[in-house]
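Participant: What follows is a single structure, and I will ask about it in a moment.
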Amino acid sequence: MVVAGAEASAAVAAARTLNGEGWRQAGELGLALSLSAAVGLEREIRQKNAGLRTHTLVGVGAALFMLISKYGFTDVLETGRVILDPSRVAAQIVTGVGFLGAGIIFVRRDSVRGLTTAAAIWVTAAIGAAAGAGLPVLAMLTTGIYFLVALVFPAVTRRLPRSATAVSALRVRYPDGHGILRQVLQATAALDFAIDDVSTETVAPGSPARPGSPARPAIVEVYLHVHGRQSVNELAATLSELADVDAVLASDAHAIDE
């Protein structure tokens, strides 16, 4: 019985050696899970469309592809006849995740949204691939670099001097028919912002008065492209304090990168 048990254990060990899988590969996959989930958690807390689940799956999937490429074909290798190149999978991961990131980025008017989230997914795939390739130090170092960029860099950029020629975009939503657009333009000029472009769009139609209920005005959004040395966030705060203004959104006109 003891001999049979030893033979069974030896057979299992041989099978694991043949297929190249074992606790080391499980640990590499677990490392990819932990690091990619950490990146996804930061995105989830900031309420981005691609959050914890997306980043975790991307990182674990990239790691698994690398592990399959490295160890999944050892049972068919023949010296001089069948040769594997795991580096090809790393290249394919870059291409595949590029398409996934492109689906997150979308453009509206002159602004782009989703660049940082797409870049985070791309980096998460690289972290997972590094973990799957047996490079834990690089995987953990890259995760640390991501948090440095995501959490520290925004505080640094807020302290940088502003260019007087940088164009910012403002979206102001308000009910039509109250003369609010005139107040918005006056407040913008009062803070020494130059207005490059103005356009309006009706986002919700109004309704006529009915017995027992007053008329409801249409809801309008005005798009402003402005530039000046003042902080655009200060301008947004001023506009949000105007009577009847429902919402104000300020951003870079050419790169809304979150």
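The values are calculated or read from the model by the stated rules, or taken from the named source; none is laboratory data. This is a predicted model, so every value here is computed, not measured. Cβ coordinates were reconstructed from backbone atoms using ideal geometry, including for glycine residues, and neighbour counts include every protein chain displayed.
Participant: Checking Val89 against (1) under 30 Å from His225 (Cα atoms); (2) at pLDDT below 80, which test does it fail?
Facilitator: It fails just one condition, (1).
Participant: Go through the range 111-154 and give me each residue that's closer than 20 Å to Tyr71 by Cα and part of a helix (DSSP H, G or I). Steps first, please.
Facilitator: Kept after step one, since they are closer than 20 Å to Tyr71 by Cα, are these residues of the range 111-154: 125-136, 139.
Within the range 111-154, Ala125, Ala126, Ile127, Gly128, Ala129, Ala130, Ala131, Gly132, Pro136, Ala139 meet the criteria.
Participant: Just one of the numbered conditions (1) part of a helix (DSSP H, G or I); (2) modelled with pLDDT under 90; (3) over 15 Å from Ala133 (Cβ atoms) is not true of Ala50; which one?
Facilitator: Result: Ala50 fails condition (1) only.
Participant: Here is a list: Leu185, Leu170, Leu242, Leu160. Which entry is modelled with pLDDT of 85 or more and out of contact with any His (no Cβ under 6 Å at 6 or more places or on another chain)? Spell out how you get there, then give the answer.
Facilitator: Details: Leu170 fails: modelled with pLDDT of 85 or more; Leu242 fails: modelled with pLDDT of 85 or more; Leu160 fails: modelled with pLDDT of 85 or more.
Answer to the check: Leu185.
Participant: Any idea how many residues of the range 25-47 are in a helix (DSSP H, G or I) and free of Cβ contacts under 8 Å to residues at least 40 places away in the same chain?
Facilitator: Of all residues in the range 25-47, those in a helix (DSSP H, G or I) come to 25-45.
Next cut, free of Cβ contacts under 8 Å to residues at least 40 places away in the same chain only: 26-27, 30, 33-34, 37, 41, 44-45.
Of the residues in that region, 9 qualify.
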